[in-house]
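Each remark here refers to the structure printed beneath this line.
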Amino acid sequence: MALEGKLSDFNLAEILQLISSQQKSGFLNLEATRKMVFIFDKGQLISTRDRRSDARDPLESFLRAYGFFTADQWKHVEFISLNSSLDLTEILVSENLLSEIELDQVLRSLAQVMTTSGMKLRRGSYHFNTTKGCPPGVRHRISMDVQGLLMESARRLDEEKLLQDALPSQSLAFTQGDKVIPDEALSPTGKHIMSLALAGLPLGRIIRQGKTESFVVRSLLRIWCEEGFLILDQSQEVDGEDESNHKNKRKISLDIGLRRMPLVLLTVVILAGLGWLRWSVPPVVDTAAGDLLRENQLRSEVRSAATLYRYKVGQWPDNLDLLVKEGKLAEGTLVTVGALGWEYKLDRKKDRFSLGT
């Protein structure tokens, strides 16, 4: 059976239900804003990774997006990949970066994220190629029931608006609430996310370092805020304005600019025709404000990373290299700090550090 068509006529949920109900085996490829593959064995979803494809492995993208490993660990993985024929799943397990159980959970989360994203697609095409028996080339097979997968994706799509209303900006931060969750009541993932939140990191960085999908991170944070375990700190918002206000201002500025464009062009043509513009002096651009903003952002990144390290270890790091090795600070940020000539100075007695020339 070969099944193909447009997603505008037949959406992902309907395609998956058909493959599941007929217990088909094979590869379902989606061609849209991003390429996706879903691999089935007798109607069960067993993988979302096509090792025959030249596209980036969705598993690697998932792990990198949510901060699973440090820069040094990724370099180690890349070295082994280049010098062996091992699949990424085999490398992760053999190098003790993930256990078999943890890897299975990650692959299931990846499948759920891809299904939820695919259900939003209304443009693009699909093509399903059947195979006789289990499709070849699958590494670390999972087994997921399509109906449960679709029901969970539908629930997430319904709750997305609630999450956006509760956490409208990724610059939001959190502080300790009136209640405290006992450690035994939290899963390892929950403990990790809670530690990131209490370290003062903004929502965007909590998601990027949460070691789980964005939906799970935001759902937990929303619940904890509603139940009083965390308090939402909106002081990080720029000028107290929300994103919609910024978008409206940009739209107004753009509209004004477009209305002025014909007049500007006409003026330039007239001046050029009269020969008045034989030379021009480039405008003096004041870069001080931009430099100050970038420096403040850089200091904020270092401060957040150092605060998180202190929360986990119990003391400030001896140097910024430790933050990079722990995966809490990007290597590029450390390079920029060095280029600016800034020095990290630690004062153990006063329990603080400074960053500057």
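Readers should treat all values here as calculations from the given coordinates under stated rules, not as data from a laboratory. As the structure is a computational prediction, the values presented were derived from the model and not from experiment. Heads up, the Cβs are rebuilt from the backbone with ideal geometry, glycines too, and the neighbour counts pull from every protein chain shown.
Apply 1/(1 + (r/R0)^6) to the Cβ-Cβ distance of Ser109 and Leu18, taking R0 = 35 Å, and write down the FRET efficiency to the nearest 0.05.
Values: r = 25 Å, r/R0 = 0.70.
Taking R0 as 35 Å, the efficiency between Ser109 and Leu18 is 0.90.
Remind me, relative contact order of the range 2-159 in percent, using alpha carbon pairs under 8 angstrom and six or more residues apart?
On the way: 213 pairs, mean separation 64.6, N = 158.
Once divided by the residue count of the range 2-159, the mean separation gives 41 percent.
Per residue, how big is the convex hull of the range 167-239 when only Cα atoms are used? Give it in Å³.
Working: hull volume 5.7 nm³, N = 73.
Enclosed volume per residue, from the Cα hull, is 78 Å³.
Show me the ranking of peptides 114-123, 150-159 by mean Cβ neighbours inside 10 Å, starting with the highest. If you can, show how the numbers build up before the last one.
Details: 114-123: 17.6, 150-159: 14.8.
Answer by packing, highest mean first, reads 114-123, 150-159.
What does a probe at Met151 reach in the range 40-60, counting residues whose amide N is under 17 Å from the point 7 Å along Cα→Cβ?
44-45
I need Lys24, Lys312 ordered by Cβ neighbour count within 10 Å, fewest first.
Numbers: Lys24 18, Lys312 13.
Ranked by crowding around the Cβ, least crowded first: Lys312, Lys24.
Of Arg52, Arg34, how do they rank once you tally other Cβ atoms within 10 Å and put the fewest first?
Numbers: Arg52 8, Arg34 14.
Fewest-to-most Cβ neighbours within 10 Å comes out as Arg52, Arg34.
Please give the Cα centre distance for the range 289-357 versus the range 168-212, rounded to the nearest Å.
Measuring centre to centre over Cα atoms gives 21 Å.
Distance check, please: which entries in Lys325/Lys345; Lys120/Lys161; Lys35/Lys211; Lys120/Lys191; Lys35/Lys120; Lys179/Lys325 exceed 25 angstrom between their Cα atoms?
Details: Lys325/Lys345 19 Å; Lys120/Lys161 14 Å; Lys35/Lys211 23 Å; Lys120/Lys191 31 Å; Lys35/Lys120 14 Å; Lys179/Lys325 34 Å.
Long pairs (Cα-Cα over 25 Å): Lys120/Lys191; Lys179/Lys325.
At 37 °C and 0.692 mPa s, grab the translational diffusion coefficient of the range 316-357 from Stokes-Einstein with a Kirkwood Rh over Cα pairs, rounded to a whole number in µm² per second. Each step should come with its number before you reach the end.
On the way: Rh = 10.8 Å.
The estimated diffusion coefficient comes to 304 µm²/s.
Arrange the peptides 205-216, 320-331, 129-140 so that the one whose residues have, on average, the most other Cβ atoms within 10 Å appears first.
Details: 205-216: 21.2, 320-331: 18.6, 129-140: 13.6.
Highest to lowest by the protection proxy: 205-216, 320-331, 129-140.
Using a 10 Å cut-off around each Cβ, can you sort Ile231, Ile39, Ile142, Ile101 from fewest to most neighbouring Cβ atoms?
Least crowded to most crowded, the residues run Ile101, Ile231, Ile142, Ile39.
If you wrap a convex hull around the alpha carbons of the range 1-153, what volume per residue comes out, as a whole number of Å³? List each step's numbers first, then the result.
Numbers: hull volume 17.1 nm³, N = 153.
Per-residue hull volume (Cα only) is 111 Å³.
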